Amino acid sequence: MQQTFKLSNRIPFIVIFAALAWSASTAYAEDMKAQADKAKNSLSLFSKLDANEDGYVTIEEAAGQISPETFSAADKNHDGKLDMAEFKASGLDESK
Ligand SMILES: [Ca+2]
Ligand SMILES: [Ca+2]
């Protein structure tokens, strides 16, 4: 009888543990999804502006989306185009 009592006493613990593990993995999955969405959004803005897909956004490509002042400020090496690093560093990928 004592053995049966011990076993039945353990079941709720197992259920709670399983529920916690499940909710933790669900939260993790949702967090990963949010990060993936964020990465996709920044990539899509850069890709959207980079019309000829050469990996750089020129002032012509950015026209109407990024002001010349913002573009100049973001163009750290002053080569007249923004690469992905400059684009991200300037926070432009988070502006939309
Ligand atoms: Ca381009
Ligand atoms: Ca540049």
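Computed from the coordinates by the stated procedures, all read-outs in this text should not be read as laboratory data. What you see is a predicted model; the values in this text were computed from it and never measured. Note that each Cβ is placed from the backbone with ideal geometry, even for glycine, and that neighbours are counted across all protein chains shown.
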FRET efficiency, 1/(1 + (r/R0)^6) with R0 30 Å, evaluated for VAL15 and LYS38 via beta carbons: 0.30
Label point distance in nm, ALA29-SER72, each placed 7 Å from Cα along Cα→Cβ: 5.1 nm
The range 2-94: C-alpha gyration tensor shape, a/c 1.5 cut-off, then a/b vs b/c: prolate
